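Enquirer: What follows is a single structure, and I will ask about it in a moment.
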Amino acid sequence: MASIMSSNQEAIPRPLAHFPPDIWGDRFINFNAQDYSEKLEGYAQEISALKDRVRAKLADHSITPTEKMKLIDAVERLGVAYHYEKQIEELVQQFFEAYARSNFEGDNDLYTTALQFRVCRQHGYKVPC
């Protein structure tokens, strides 16, 4: 379109907008990641420690299967289950096998039964209704 316009035409004046000053100032323009490297390393160490704590809880044999199911559900709902895929798959498989051996019966409350049903179904196990 610029080639169609001749050089004799003047630029069209556009109205200027007078926006109020930004409430953030130039805080994000002047961001330097090196200033925050120590803080980011601290966060990384804290995250690593928390991941290890969750992994240890998943492997803890003193926790009941119902509590482990609740933990698996919480980890999946938080969206961090990809860190523990192998451990979660093993636990769900063990739980399903034990649940199948008991002929899918138990003396659990409605919440626990629904949780077991949903978690097993989400992981591809065919649990009868």
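The values are calculated or read from the model by the stated rules, or taken from the named source; none is laboratory data. In this text, all values refer to a predicted model and were calculated from it rather than measured experimentally. Glycine also receives a Cβ, built like all others from the backbone with ideal geometry; neighbour counts cover every protein chain displayed. For accessibility, only protein heavy atoms count, side chains too; no ligands or nucleic acids. Shrake-Rupley method; radii C 1.70, N 1.55, O 1.52, S 1.80 Å.
Enquirer: Residues that are in contact with a Phe, Trp or Tyr (Cβ under 8 Å, 6 or more places away or on another chain), open to solvent by less than 90 Å² (accessible area, probe 1.4 Å) and more than 16 Å from Cys120 (Cα to Cα), at least 3 per element: which helices (runs of 4 or more DSSP H) completely within the stretch 36-103 meet that?
Expert: Output list reads 37-59.
Enquirer: Report, ordered by the first and then the second residue, all pairs with beta carbons closer than 7 Å, sequence separation of six or more or different chains, a first member in the stretch 61-86 that is under 15 Å from Ala98 (Cβ atoms), and a second member that is modelled with pLDDT of 95 or more and in a loop (DSSP other than H, G, I, E, B).
Expert: As it stands, the answer is none, since no pair meets every condition given.
Enquirer: All but one of (1) in contact (Cβ under 8 Å) with a residue 40 or more places away in the chain; (2) open to solvent by 50 Å² or more (accessible area, probe 1.4 Å) hold for Leu115; which doesn't?
Expert: (2)
Enquirer: Ok, one more. Working only within the stretch 105-114, note down all residues that are assigned to a helix (DSSP H, G or I) and closer than 11 Å to Pro65 by Cβ.
Expert: Thr112, the sole residue that qualifies.
Enquirer: Something else now. In the stretch 3-49, how many residues are of a type in the set (Asp, Glu) and at pLDDT below 80?
Expert: 4
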